[in-house]
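Data first, discussion second: the structure below is written as structure tokens.
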Ligand code: DLL
């Protein structure tokens, strides 16, 4: 029995077996959405495709897709494919535009979520009885409850702190010997700051599971070193059923293993919508194969990534690996003709010794021309000029760099807001 796998028979299944399972499940989910939901049926009819047309996995490309806007317009339950009486839980993403997306779960959906999360915990090296501190918030955000459901399934000792009260988080971690620390990426940094500020003793953590925000290599390094842990990058979203549903990296840290028995993934060029070759960056499109209440069909996630490998990993898992998410399609900034993502600014900033992982990217309109300013916290030896020079080398253009003392920039609870635009556009 492999200790590091929750379901070794599924996690190491041959690619042929996996494809056969995916096809069976794809046929079933297509039949389900078509039979049970008028909105889906209408989309299928418009695209001129019926469930009987799905004979092979390549027929996926014949299916119509949905995106965040479709789900928002369908709020609260326009894509429901089950009886409302069978719903046992809901979560919701607030989104930037204000109209929420609701995700509803049947009992089977909750089991599926817990199973995906339990695989992630076990893959990170968690053993039954390990104390796990769950710091994402408990509520409509899926982070806290998803980690909770999975920890129940994996037999961990749950310390459900939820977000905030950083000093207490550290005390509890010390008092109850937290081995596994779970958080939204930027909260890892908050813990390190608090440790430095209060001169507190570092709790004896081993494993960190972080997600919900881009996790650049340099951020991962800072957090791992600052907390003395091995960090894992966990991925999921409200629309696919929450944290961990899409997967996580393994101890080989060679990409995010996608739970392909539950999700079919495609990468497309966000503009032409054509499939992108393995290795090419594009938008991730997801079909949920085993969810009951609100399965998504060819859902355009808006997240940018690429397929790193479909080969069996050194860890023994056969499920394909994606590159860490670099950003969202609509996060791309174009300034003075140069395209870049906030995560590239983060990566470059954290290469500068003395720069702290708290920053803001401000896009402003200077006499009709779009300009960028980067505010960053750093120790006193770092100057604005040093920041500007390094960003110029790494990004190819020179935003203005303003350096703030440690603690000088605001912090948010939950996901960090990094980009601010001070004129009319989104
Ligand atoms: O953020 C789920 C989650 C909670 C994942 C806790 C990990 C930890 P949403 O609020 O619906 O759900 O936001 C989903 O967050 O489309 C990505 O843009 C981003 N995201 C999630 N995980 C990662 C990650 C949760 N590991 C959106 N790396 C997604 C980069 C991530 N971005």
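Note on segment 248-259: residues that are buried (at least 24 other Cβ atoms within 10 Å of the Cβ) and more than 13 Å from the ligand (Cβ to nearest atom) amount to 2. Of the strands (runs of 3 or more DSSP E) that lie entirely inside segment 266-364, those containing 1 or more residues that are under 30 Å from residue 387 (Cβ atoms) span 299-305, 333-335, 338-340. Residue under question is residue 312, and the condition is that it be over 15 Å from residue 256 (Cβ atoms) and either out of contact with any strand residue (DSSP E or B) (no Cβ under 9 Å at 6 or more places or on another chain) or more than 10 Å from the ligand (Cβ to nearest atom) (or both); does it hold? Yes: the conditions hold for residue 312. Going by the conditions given, is residue 239 near the ligand (Cβ under 10 Å from one of its atoms) and in a helix (DSSP H, G or I)? It is true that residue 239 is near the ligand (Cβ under 10 Å from one of its atoms) and in a helix (DSSP H, G or I).
Reported count of residues in segment 266-294, each being over 16 Å from residue 68 (Cβ atoms) and more than 17 Å from the chain's Cα centre (by Cα), is 15. When every residue of segment 231-246 is checked against the conditions, none turns out to be more than 30 Å from residue 179 (Cα to Cα), in contact with a helix residue (DSSP H, G or I) (Cβ under 6 Å, 6 or more places away or on another chain) and either in the same structural domain as residue 347 (by TED's automatic domain parsing) or touching a residue at least 60 places away in the same chain (Cβ under 8 Å) (or both).
Taking helices (runs of 4 or more DSSP H) that fall entirely within segment 1-65, which contain at least 2 residues that are farther than 22 Å from residue 259 by Cα?
Of the helices (runs of 4 or more DSSP H) lying wholly inside segment 1-65, those with at least 2 residues that are farther than 22 Å from residue 259 by Cα span 15-36, 38-47.
The number of residues in segment 352-383 that are under 22 Å from residue 190 (Cβ atoms) and surrounded by 15 or more Cβ atoms within 10 Å (Cβ to Cβ) comes to 15.
A residue that is more than 25 Å from residue 4 (Cβ to Cβ), within 15 Å of the ligand (Cβ to nearest atom) and crowded, with 21+ Cβ neighbours inside 10 Å cannot be found anywhere in segment 202-209.
Given the criteria within 15 Å of the ligand (Cβ to nearest atom), crowded, with 23+ Cβ neighbours inside 10 Å and part of a helix (DSSP H, G or I), does residue 223 qualify?
yes
Residue count for segment 147-188, restricted to those that are under 22 Å from residue 417 (Cβ atoms) and within 13 Å of the ligand (Cβ to nearest atom): 9.
Let's see how each residue does on (1) within 18 Å of the chain's Cα centre (by Cα); (2) over 25 Å from residue 68 (Cα atoms):
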{"site": "82", "(1), (2)": "no, no"}
{"site": "86", "(1), (2)": "no, no"}
{"site": "98", "(1), (2)": "no, no"}
{"site": "113", "(1), (2)": "yes, no"}
{"site": "138", "(1), (2)": "yes, no"}
{"site": "153", "(1), (2)": "no, yes"}
{"site": "165", "(1), (2)": "no, yes"}
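In segment 184-218, what count of residues is obtained for those that are touching a strand residue (DSSP E or B) at 6+ places or on another chain (Cβ under 6 Å) and either part of a helix (DSSP H, G or I) or in the same structural domain as residue 409 (by TED's automatic domain parsing) (or both)? Count: 3. Across segment 388-405, the number of residues qualifying as touching a helix residue (DSSP H, G or I) at 6+ places or on another chain (Cβ under 7 Å) and farther than 16 Å from residue 340 by Cα comes to 3.
The values are calculated or read from the model by the stated rules, or taken from the named source; none is laboratory data. Small disclaimer: the values here were computed from a predicted structure and weren't measured. Backbone-built Cβ (ideal geometry, glycine too); neighbour counts: all protein chains shown.
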